[in-house]
Each structure stands twice: as C-alpha cells, then as structure tokens.
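Asks: Can you read through this structure? Questions will come right after.
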Amino acid sequence: MPTTEATPLTRKDFQSDQEVRWCPGCGDYAILSAVQQVFPELGIPREKFVIVSGIGCSSRFPYYMNTYGFHSIHGRAPAVATGIKMTRPDLDVWVVTGDGDALSIGGNHLIHTLRRNVNVKILLFNNRVYGLTKGQYSPTSELGKRTKSTPHGSVDFPFNPLNIAIGSGATFVARSVDIFMPHLKSVLKRAAAHKGSAFVEVMQNCNIYNDKAFAALTDKAGRQQNGLYLEHGKPLVFGDNQDKGLRFTGTDFEVIDLGNGRSADDCLVWDEKHANPSLAFQMASISTGDGLGDFPVPLGVLRAVDAPTYDAGVIDQIDELTTARPQTLDQLIHGTDTWTVDAGGSVHRGAN
Amino acid sequence: MTLPIAGQTDAGKAAEATVSDVVIRFAGDSGDGMQLTGTQFTNTSALIGNDLSTLPDFPAEIRAPAGTLPGVSAFQVRIADHDIHTPGDAPDVLVAMNPAALKANLRDLRDNGVIIVNTDEFTPRNLKRAGYESNPLEDDSLNAFRLYQVALTTMTRRALEESELDVRSKDRCKNFLALGMIYWLFSRPLEPTIDWLRVKFRRRPEIAEANVKVMKAGWNFCDITDAFQVRYDVEPAKLEPGTYRSIHGNSALAIGLVAASRRSGLPLFLGAYPITPASDVLHELATYKHFGVTTYQAEDEIAAVCSAIGASFGGALGVSCSSGPGIALKAEGINLAVMVELPLVICDIQRGGPSTGLPTKTEQADLLQVMFGRNNESPVPVIAASSPADCFDTALEAVRLATKYMTPVVLLSDGYIANGAEPWRIPEVEELPDLRVEFHQDAEGFMPYMRNEATLARPWAIPGTPGLEHRIGGLEKEDVTGNVNYEPENHDHMVRLRAEKVARIANEIPEIEVEGPQSGELLVLGWGSTLGAITGAVNQAWADGLTVSRAHLKHLNPFPRNLGDVLDRFERVLVPEMNLGQLALLLRARYLKDIETYSKVEGKPFTRDEILHRIQQMAGA
C-alpha cells in the first residue's frame with residue numbers, strides 16, 4: 001500500500017473540515033490543539049493514524065481530526081481499537097475517552113486492554129462529570145458531589161483513574177492537564193513513543209457542569225504549589241521555589257520543607273521504570289487530583305516499563321504457525337478421515 | 001426399524017442379519033465418556049460408507065452428581081444404507097452405563113429394542129439415586145425389551161489385570177468395552193478407533209493400549225460367548241460419488257469461515273466469548289492460525305463483537321460467534337455495524353431460553369431477536385443453516401452478503417446441528433464462490449457514504465490508504481459525505497436507504513423451490529435445522545400416498561422474492577418451528593397469509609413422526 005511522501009506534516013494537516021462543537025471554554029479545545037501539534041512531529045504518515053472513541057463530549061474528538069476515525073459506542077472504544085490493532089499492526093491507534101465512558105460503562109474494556117498491553121494509546125479526559133447528558137456525577141466525582149442525579153450529594157467513593165490503570169498492569173501511566181500545553185505535549189509524545197498500552201489521564205475542565213474542578217491545581221499559584229512534576233531520575237521536589245519535597249518513609253510519602261539542613265538529596269528520586277508497580281500506585285494515591293489535599297498532584301509519567309505487547313504476541317503466533325504448518329484450503333476441508341464413494345457405488349477409506 | 005431376532009446362521013456362530021437402518025443410543029454419567037464413545041462409533045460407520053446422523057444430548061453441568069438423572073449424558077447415532085435426514089425417532093439399541101441412564105432413556109426405546117446394561121452399577125445405592133424402588137433388572141419391568149446384562153466394570157478390570165494403571169484409570173476404560181461390544185454387534189472394524197486412540201494418547205501410550213485392550217475384550221466377549229444370538233450389519237449407503245467426511249455443524253461453520261477468508265482474500269478475525277453451544281467455533285478457529293486466522297477471546301460478548309467491527313474497519317473479515325444470551329449483549333454493537341455499514345458476520349448458535357435457559361439444548365427461538373432485537377430501524381440480513389454440513393455453505397453465503405452489501409449479517413445455527421454430525425461430500429475448492437473484495441483506493445471524488453448504484457453498498461476504504469482519511473460512527477450520517485447530520489429529511493432518507501439496501505438482496509438470492517406438487521392443499525414450510533425431520537416426514541407421507549409439498553428457507557431476511565407467490569398457491573401452510581411461531585409471525589405480517597404453526601419447545605428437535613402425524617391430520621389421512 002502506498003504511503004504519502006515524506007513532506008513534513010503540519011498542525012493544519014490534522015484539522016478536519018468539521019466545525020468543532022464543544023462548548024466555548026471547554027478544556028477539550030486545548031487537548032485537541034495539543035494532539036494536532038504533536039501528531040505531525042511523530043514522523044508517522046497521516047493515513048496511518050486511527051482515532052477511536054466511545055460516547056461523551058470527549059468522544060467527538062475523532063470528527064475534528066483529519067485522520068481515520070471511529071466514533072463507536074459507549075465504553076467500547078478500547079474493544080474496537082483492540083480489533084483494529086490486532087489485525088493492522090501498521091496503524092497508530094489512539095483511543096479518546098472520558099471518565100464516564102472509560103471508567104463506568106466501559107470499565108471492563110479499559111482494564112482488559114491495559115492488562116493485555118495492547119499497543120494503543122488511551123487518552124482519558126477526566127472532568128469528573130457527565131457533560132453530554134447534562135451534568136450527572138461520574139465515577140471520578142468527589143464524595144458528596146451535588147448534581148442533578150445526586151441532589152443531596154453523592155455517597156459513593158470515586159475511582160482514581162491512575163490507580164485503575166496501574167492496578168490493571170498498564171505499562172505506561174501518565175497524567176497531565178488540559179491547559180498545561182507544554183507539559184501535555186511532552187506527555188503525549190512520551191505516550192506515542194511507548195510500545196504497549198499507554199494510559200494518559202488528562203485533567204479537563206468542564207466549564208458548564210463542573211467548572212473549576214481543578215482550579216486549585218490550574219490557577220497561577222497552584223501550578224507550582226500543588227503540582228508535582230515527576231521526572232525519571234530526578235528528586236521529588238515541588239513548591240513555589242522548589243522549596244518542598246517528598247520523601248519516602250518506607251511505608252508512606254511525606255512532605256518535607258527543604259532548607260534548614262534538608263535538601264533535594266533527602267527526597268525520593270523518581271523511578272518510573274521500577275519493576276514493582278506498588279510505588280507508582282502509592283504515588284498516584286497521594287492526591288485525589290484536584291490539588292486540595294495535603295499533598296501535591298503528581299503529574300507526568302508515573303510508570304513506563306517494557307513488556308511484550310498483546311498484538312505482537314498474537315501476530316507472532318500466526319506468522320510462526322503459517323511458516324511451520326503450511327496447509328492448503330483443500331487439505332483443511334478434507335481433514336484427516338475421509339472415505340470415497342466411486343462411480344460404481346463402492347466405498348473405500350481415504351480420498352481419491 | 002425393529003432389529004430382527006433371527007438371521008442366517010452358520011453352525012456354532014451367531015446368526016447374521018443385514019439391516020438397512022439402526023439407531024443406537026449410548027447413555028451414562030457425564031463422566032462416562034458417552035460423547036466420545038458415540039463419536040467413535042459414528043466416525044467408524046462414516047468410514048464404512050453409511051449415511052449417518054447424530055444427536056448428542058448432555059447436561060449443562062460438567063459433572064452433575066454421579067448416578068443421578070440430571071447427570072445423564074447421551075449420544076444417539078443413526079446409521080443407514082440409504083439417504084437419511086434425522087438421527088432417528090426411537091433407538092433400537094440402548095447402552096445404559098448405570099440405572100439413571102436406563103431410567104432417563106428407556107421411554108424412548110423402541111419395543112423389543114436391545115438394552116445393554118452395566119450390571120456392576122445396579123447397586124442398591126445407585127438404584128435409589130436414580131429413583132428406582134425395585135431393581136428393573138429383576139422385576140420384569142423390562143420384559144418388552146431384549147435385555148443384555150453385562151458386568152462391564154468387572155470385565156474391564158479383569159482385562160486390565162496386568163496393567164500398571166490404578167483402578168480409577170482402569171475403570172475409565174469401561175466405555176470402550178461397551179464400544180467393542182457394539183462394534184461386534186454391528187460388524188464394524190476396530191482399526192479406525194485403535195488408530196485414533198494411538199494418536200490421541202501418543203504421549204500416554206499406556207492409556208491408549210489399555211483402551212485398545214478393553215475394546216478388544218468387549219469384541220471378543222461377544223465373539224466367543226453366546227451373549228447375542230444375532231449379529232447385524234448395515235451396508236454402505238448409495239451416496240453420490242465423491243469424497244466424504246463426517247462433520248459437525250460447528251466444525252463446518254469454522255471451516256466455512258476459513259474458506260470464505262481464503263476466497264475473499266480477507267484475513268479472518270473472530271472475536272468471541274465462551275458460551276455453550278458456540279464455543280467450539282472459537283476452539284476450532286483457534287487451531288487455524290496457520291491460515292492467518294486471528295481469534296480473540298474477549299473480556300465479554302460486547303468486546304467480542306466490537307473487536308470484530310474494529311477488525312472489519314481495518315479491512316479484515318470480522319466475525320463474532322455466540323448464542324442467544326450473548327447475542328442480546330451484542331445488540332448495540334450490531335447496530336453500530338448497521339450504522340457505519342461495515343461487513344460483519346454474527347453467528348448465533350441458538351439454545352433453549354429465555355435467559356440462561358437450557359444451555360446444552362436446542363431451540364430456534366432467536367429469530368425475532370436477530371430480526372428486531374435492536375433499537376430503532378435496524379435492517380440486518382439473516383440466513384439459517386439447515387444441517388451440520390450446510391453450516392459450511394451458509395458461512396460462505398454470510399460472508400458474501402456482508403462484504404458485497406457492506407452490512408452485518410446474522411447466521412443462525414442451533415445446538416442440534418452444531419453438535420450433530422453427518423457425512424459431507426467435500427467440495428472442490430475451485431467450485432466455491434469467488435468472494436474477492438476490492439478496497440476503495442481512488443482519492444479522487446471519494447466520499448465515505450457514496451454508493452454502488454445496484455447494491456447501495458458504500459465503499460470499503462481502509463485506514464492506511466492515503467487521501468481517504470474519513471470518520472465513521474454511530475451518529476446519523478449525511479448521505480454521500482458521511483458527515484454527522486441531524487436534519488429530518490436526511491434521517492428519513494437514510495432510514496429508508498438502509499432498509500432498501502438489505503431488501504435488494506432479494507434480487508439476487510435464489511427463489512424458494514417447492515418439492516412435490518407446486519400448488520395444492522398443504523405446504524410444509526421450514527427453516528434451519530427442522531429440514532431433516534420435515535424431509536423425512538414428507539418423504540414418508542408421499543410413500544403413504546398423501547398429497548403434500550414442502551419448501552425450506554435459508555434466507556429469512558430478506559425472504560426469497562417468490563415466497564409470497566408460493567404461499568398463495570397453497571390452501572394451508574404448516575410451519576414447524578422449535579419456538580412459538582416466530583417465522584409464522586413474520587410470514588403473516590408480510591404476506592397476510594394464514595399460517596399454521598406447529599411448535600415444539602422441549603429442547604429437543606422434532607422427530608420425523610411428530611411432523612408426519614401432523615401432516616396426516618391435515619392431509620385428511
């Protein structure tokens with residue numbers, strides 16, 4: 001199959017002719033822009049991209065990308081994407097989903113796609129509310145959330161999406177924020193480069209039904225005070241003037257003030273490649289993600305480990321057996337035990 | 001037929017009699033290996049050249065409590081020297097490995113039929129478990145039958161006295177003692193089963209040899225004792241010249257899908273979730289990776305169908321296979337395929353229901369589900385296989401329609417033909433339909449929802465093709481451009497267009513053919529797995545001098561274009577169905593014709609005689 005010449009692609013090449021219909025001020029615009037900026041930099045021909053989505057505001061994403069796209073049904077995008085990737089390993093397959101789509105109706109597909117390590121990239125836009133159905137609480141809404149469906153406050157505990165991903169055995173888990181453009185782009189590039197399932201939670205503001213859900217993190221002061229920007233091999237330091245750090249007591253994380261004899265050397269050095277996922281799980285657990293707790297919100301890559309991908313495993317078996325067991329369709333149809341009736345009506349075992 | 005009790009006798013030997021047709025039922029505990037025993041007898045008879053038909057009947061529980069009625073597993077096989085259509089209404093021979101097997105199957109046995117029982121199992125404890133108040137072997141209750149009492153377990157242990165196997169393993173060979181006896185009784189060779197055992201247990205030769213020894217012991221026991229006065233033979237059937245194999249419906253379906261993949265040039269992708277009685281299709285296709293087949297045991301039924309849709313989007317032949325409860329879960333996925341107009345084959349191996357129902361028993365009650373069990377106007381072509389071997393041809397037809405019309409297609413089979421076997425005349429590969437598919441390549445003027453004028457199919461443009469980047473999805477599409485569109489006129493147009501696309505299939509599928517008088521008083525119309533019983537019944541009715549016609553539907557949506565005319569030519573139309581009249585409902589609605597339903601929903605197929613009696617009543621005999 002021919003591919004396009006290697007003329008450099010630009011952001012414009014990835015903009016479709018469809019009018020973008022998210023609400024003005026929606027965080028999805030920023031994420032769309034980030035993806036349209038990152039894709040041309042990946043060195044992949046445009047026709048090789050496939051974006052698959054489910055249902056919800058975020059899932060309108062494929063219509064606005066000038067790539068192959070599939071707006072599927074509620075929660076099922078990972079399943080559709082798995083079918084594509086298993087049969088077309090040459091394609092670069094991305095899933096765009098939301099907190100309701102991925103963690104409520106589609107929870108089963110998300111965890112199984114991650115545990116299999118299917119080589120697809122999953123972007124979960126987490127706005128902690130159902131937007132397209134006009135404002136019900138979601139599986140990531142905080143306890144006590146008052147919405148149309150929980151007028152007296154929700155009484156069920158939310159998921160932490162990162163912990164779902166880590167617990168499912170995801171080989172790449174990261175988090176960024178819709179409006180943190182440079183950070184978001186760098187996380188998307190890391191996800192794109194990962195071989196295997198890459199799970200990225202993007203904190204996304206719904207200015208209609210859950211405005212300012214992440215304001216403590218995203219406002220000017222919060223970005224430094226409440227954001228912990230993980231970097232592999234670097235100590236866990238944060239705060240306005242990098243004056244705080246996280247150390248690991250052996251059982252828990254602890255915030256320490258730097259200075260007065262304490263330095264970055266006392267902080268844990270982040271290891272995204274740690275074989276045991278429990279440290280990443282514990283890191284994900286320090287904050288609910290809104291920046292309102294005692295701990296900062298971990299951002300960046302929590303986990304990135306190498307593991308064989310499911311699709312490659314499936315295809316390797318097929319390739320190996322195709323070579324090892326050549327058989328014609330005729331042989332398959334005949335099977336092992338046949339008998340033949342000749343024109344005279346007599347019968348003998350075997351084929352003609 | 002009734003087995004004769006006398007025959008040609010040589011001095012000192014059992015009399016020999018040739019019979020044209022015999023029905024044997026093997027029955028025992030679910031752990032007694034009855035399915036395997038029956039299958040071996042079937043395969044050996046196939047290799048001799050008999051026509052045959054089988055009816056496995058097993059419980060949903062893997063190992064129900066030993067010795068109880070719910071734990072009984074049975075396998076019925078009919079072999080004949082002529083063309084047969086059903087596994088037989090009543091067994092001539094019943095092999096009962098324990099009291100429960102006897103009790104559960106005795107009522108079906110023909111008068112004067114042969115019963116072989118394992119006396120070792122007729123203990124007070126087992127009799128009680130089976131609900132016997134007195135021992136039927138001693139109380140004259142079996143006087144209407146020819147009872148042969150054999151200590152199968154004792155004889156098996158004796159035959160294996162020198163074997164190193166433990167007692168438990170030895171006892172597990174006792175079904176082969178029974179098989180050896182039945183092989184002798186019906187003059188079958190042992191070699192095919194010996195060959196099979198040695199391949200099957202090539203890594204455990206001691207198991208293979210123990211079974212061979214026990215089977216031979218069973219044979220020899222009959223040969224040297226006077227256990228049976230008469231020995232029978234069933235000669236080869238006069239089948240059309242050609243090469244044959246015995247095949248199960250699910251196996252024919254799996255092989256048919258591989259054949260369709262080869263003939264279309266599309267790699268086959270099966271997304272499936274384990275479910276009775278469809279799992280064997282997954283199992284079998286999982287062994288065909290060397291044909292480029294991808295099988296995906298998904299996390300659930302929904303993922304199974306959605307992965308198949310994804311595979312089709314990428315240019316593979318997407319297939320999903322399930323049974324009624326799973327099909328219900330797939331409904332939304334099937335509707336997505338309707339909307340995005342991608343090829344997809346959904347195989348529904350029907351079972352008893354509703355809900356979990358009777359997982360291992362047969363029924364034809366998903367017809368309305370696959371026709372209408374989705375939201376809104378959701379036209380999907382539906383075709384049905386009518387016999388085990390017909391599953392092969394039906395698979396090819398499903399793929400042909402799916403790819404030519406860019407639509408999901410439902411293929412209906414059921415537990416009866418899925419697990420039943422019959423001889424199949426193996427086709428030449430070159431005779432199979434040419435299903436080659438061309439993906440759209442030309443970017444000039446490309447629109448994802450532009451259409452073929454004849455079929456109304458949209459182009460299949462797969463990712464990776466430069467210049468054809470486009471988006472599809474479940475939202476309503478604007479005709480031609482495929483853009484999201486909510487306009488009232490467009491929606492009305494698209495709803496009608498999707499319906500018209502499926503309706504146009506009627507232009508090319510074969511007209512339905514009537515066997516017997518082309519018009520008259522009574523037409524028996526069937527679909528799917530009732531073909532055998534209906535054919536057998538109508539043939540017998542003709543032999544009895546009755547005037548009746550029959551016809552059988554493979555295409556259920558759309559119907560063959562002449563179906564209305566055919567119905568009009570008959571005063572009465574009888575539709576036997578293993579449901580409460582689902583095809584009849586469709587026919588009445590479509591053709592405003594009074595249809596008489598003959599329902600049976602016992603989890604068992606119609607017998608020939610049941611349909612024959614109904615024909616006799618209606619034809620005034």
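Asks: Only one of (1) surrounded by fewer than 24 Cβ atoms within 10 Å (Cβ to Cβ); (2) over 24 Å from residue B:425 (Cβ atoms) fails for residue B:243. Which number is that?
Replies: With respect to (1) surrounded by fewer than 24 Cβ atoms within 10 Å (Cβ to Cβ); (2) over 24 Å from residue B:425 (Cβ atoms), residue B:243 is out only on (2).
Asks: Buried (at least 24 other Cβ atoms within 10 Å of the Cβ), more than 30 Å from residue B:580 (Cβ to Cβ) and within 14 Å of chain A (Cβ to nearest Cβ): which single residue out of B:270, B:344 fits that description?
Replies: On the way: B:344 fails: more than 30 Å from residue B:580 (Cβ to Cβ).
Result of the check over B:270, B:344: B:270.
Asks: Scanning segment B:227-239 for residues that are farther than 23 Å from residue B:114 by Cα and within 7 Å of chain A (Cβ to nearest Cβ), which turns out surrounded by the fewest Cβ atoms within 10 Å (Cβ to Cβ)? Working first, answer last.
Replies: Just the residues of segment B:227-239 that are farther than 23 Å from residue B:114 by Cα, to begin with: B:237-239.
Imposing the further condition that a residue be within 7 Å of chain A (Cβ to nearest Cβ) reduces the set to B:238-239.
Working: B:238: 14, B:239: 18.
Filtering first and then ranking leaves B:238.
Residues are listed down the side, and each one gets a yes or a no for (1) modelled with pLDDT under 95; (2) among the hydrophobic types (A, V, I, L, M, F, W, C):
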residue	(1), (2)
A:8	yes, no
A:15	no, no
A:40	no, no
A:49	no, yes
A:65	no, yes
A:74	no, no
A:77	no, yes
A:80	no, yes
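Asks: Search segment B:342-353 for residues being of a type outside the set (S, T, N, Q) and in a strand (DSSP E or B), and hand back the single one that is farthest from the chain's Cα centre (by Cα). Full working, then the answer.
Replies: Pass one, segment B:342-353, residues of a type outside the set (S, T, N, Q): B:342-349, B:351-353.
From what's left, in a strand (DSSP E or B): B:344-349, B:352.
Numbers: B:344: 22, B:345: 18, B:346: 16, B:347: 12, B:348: 11, B:349: 8, B:352: 14 Å.
Top of the filtered list is B:344.
Asks: Pick from segment B:451-498 the residues that are away from chain A (no Cβ under 14 Å) and acidic (Asp, Glu): which of them is surrounded by the most Cβ atoms within 10 Å (Cβ to Cβ)?
Replies: Filtering first and then ranking leaves B:479.
Asks: Could you list, in sequence order, all residues of segment B:97-133 that are at pLDDT below 95 and among the polar types (S, T, N, Q)?
Replies: B:112
Asks: Filter segment B:441-450 for residues that are of a type outside the set (Ser, Thr, Tyr) and closer than 18 Å to residue B:339 by Cβ; which is nearest to the other protein chains (Cβ to nearest Cβ)?
Replies: As a first pass, look at segment B:441-450 and keep what is of a type outside the set (Ser, Thr, Tyr): B:441-448, B:450.
Still in the running and closer than 18 Å to residue B:339 by Cβ: B:447-448, B:450.
Values: B:447: 12, B:448: 10, B:450: 17 Å.
In this case the residue turns out to be B:448.
Asks: Could you pull out the residue among A:69, A:56 that is buried (at least 24 other Cβ atoms within 10 Å of the Cβ), of a type outside the set (A, V, I, L, M, F, W, C) and free of Cβ contacts under 8 Å to residues at least 60 places away in the same chain?
Replies: Values: A:56 fails: free of Cβ contacts under 8 Å to residues at least 60 places away in the same chain.
From the options A:69, A:56, the qualifying one is A:69.
Asks: Still on this structure, I have one more. Out of A:96, A:50, report the one residue that is assigned to a strand (DSSP E or B), more than 8 Å from every other protein chain (Cβ to nearest Cβ), buried (at least 24 other Cβ atoms within 10 Å of the Cβ) and touching a helix residue (DSSP H, G or I) at 6+ places or on another chain (Cβ under 9 Å).
Replies: Values: A:50 fails: more than 8 Å from every other protein chain (Cβ to nearest Cβ).
After ruling out the rest, the residue left standing is A:96.
Asks: Tell me, yes or no, whether segment A:58-76 has at least one residue that is at the interface with chain B (Cβ under 10 Å from one of its Cβ atoms), of a type in the set (Gly, Ala, Ser) and under 12 Å from the mean Cα position of the chain (by Cα).
Replies: no
Asks: Taking segment A:23-42 only, how many residues are in a helix (DSSP H, G or I), buried (at least 16 other Cβ atoms within 10 Å of the Cβ) and not hydrophobic (A, V, I, L, M, F, W, C)?
Replies: So in segment A:23-42, the residues in a helix (DSSP H, G or I) come out as A:28-42.
Still in the running and buried (at least 16 other Cβ atoms within 10 Å of the Cβ): A:28-40.
Next, only the ones that are not hydrophobic (A, V, I, L, M, F, W, C) stay: A:28-29, A:33, A:36-37, A:40.
Residues that pass the stated criteria total 6.
Asks: May I pose another question? Which of the numbered conditions does residue B:91 fail, given that it passes all the others? Conditions: (1) surrounded by fewer than 21 Cβ atoms within 10 Å (Cβ to Cβ); (2) assigned to a loop (DSSP other than H, G, I, E, B).
Replies: So the condition that residue B:91 fails would be (1).
Results for (1) out of contact with any strand residue (DSSP E or B) (no Cβ under 6 Å at 6 or more places or on another chain); (2) more than 17 Å from residue B:390 (Cβ to Cβ); (3) of a type in the set (Lys, Arg), shown as yes or no for each residue.
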| position | (1), (2), (3) |
| --- | --- |
| B:248 | no, no, no |
| B:254 | yes, no, no |
| B:261 | no, yes, no |
| B:285 | no, yes, no |
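Asks: Another question, then. Where residues in segment B:301-318 are touching a helix residue (DSSP H, G or I) at 6+ places or on another chain (Cβ under 6 Å) and outside any helix (DSSP H, G or I), which of them is farthest from the other protein chains (Cβ to nearest Cβ)?
Replies: B:317
Asks: Being under 12 Å from residue B:22 (Cα atoms) and in contact with a helix residue (DSSP H, G or I) (Cβ under 9 Å, 6 or more places away or on another chain) is the filter here; which residues of segment B:87-112 pass it?
Replies: B:87, B:88, B:89, B:90, B:91, B:93, B:94
The values are calculated or read from the model by the stated rules, or taken from the named source; none is laboratory data. Owing to the predicted nature of the structure, the values given are computational and were not obtained by experimental measurement. Don't worry about glycine lacking a Cβ; one is built from the backbone with ideal geometry, like all the others, and counts go over all protein chains shown.
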